[in-house]
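One structure is given below, encoded as structure tokens.
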Amino acid sequence: MASLQEIRRFNLSASVVAYHPDGIRALAGFGDNSVRLLALTNGAEIGRLPPGRDYVRGAAYDPGGQSVVIDDTTALSRWDLNTGENIWNVTNGTGFWDIAISPDGKQTWPAT
């Protein structure tokens, strides 16, 4: 398992962390608005979601770990982790604070 020191090597504070269902990967939203996929075995960055979002407040994997929903101060967005493509976006005027995905992966619930 990666140590806190290995994760801290990015020199950024994480605003959110979500464990992948496989337990060996995680997703972290950092203070530079990046969203990075990390290997928990050594803390290495193994991928990133494309830039262009605001401060990340929440993240949730679908139950199968194939996609992730990110919420920030302006939008919810779902990303396919195999292709890196955006699946959908939802915006509102006040932003979002957290996100949950139902156990069957069919419903997404934001907290506003």
(request) Hey, can you tell me all the residues within the range 33-52 that are among the small types (Gly, Ala, Ser) and in contact with a helix residue (DSSP H, G or I) (Cβ under 7 Å, 6 or more places away or on another chain)? (result) 43
(request) From (1) at pLDDT 80 or above; (2) in contact with a Ser or Thr (Cβ under 7 Å, 6 or more places away or on another chain), pick out the condition that doesn't hold for residue 26. (result) (2)
(message) Tell me the residue from 109, 79 that is assigned to a strand (DSSP E or B) and either modelled with pLDDT of 90 or more or touching a helix residue (DSSP H, G or I) at 6+ places or on another chain (Cβ under 8 Å) (or both), please.
(response) 79
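At pLDDT 85 or above and either in a loop (DSSP other than H, G, I, E, B) or within 15 Å of residue 73 (Cα to Cα) (or both): which single residue out of 51, 63 fits that description?
On inspection, the qualifying residue turns out to be 63.
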(request) Kindly provide the set of residues from the range 86-106 that are of a type in the set (Asp, Glu) and either surrounded by 12 or more Cβ atoms within 10 Å (Cβ to Cβ) or assigned to a strand (DSSP E or B) (or both), ordered by number. (result) 98
(message) If the requirement is being at negative phi and in contact (Cβ under 8 Å) with a residue 40 or more places away in the chain, which of these qualifies: 103, 51?
(response) 103
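The values are calculated or read from the model by the stated rules, or taken from the named source; none is laboratory data. Since this is a predicted model, take the numbers as computed values, not measurements. So basically every Cβ, Gly included, is an ideal-geometry build from the backbone, and we count neighbours across all protein chains shown.
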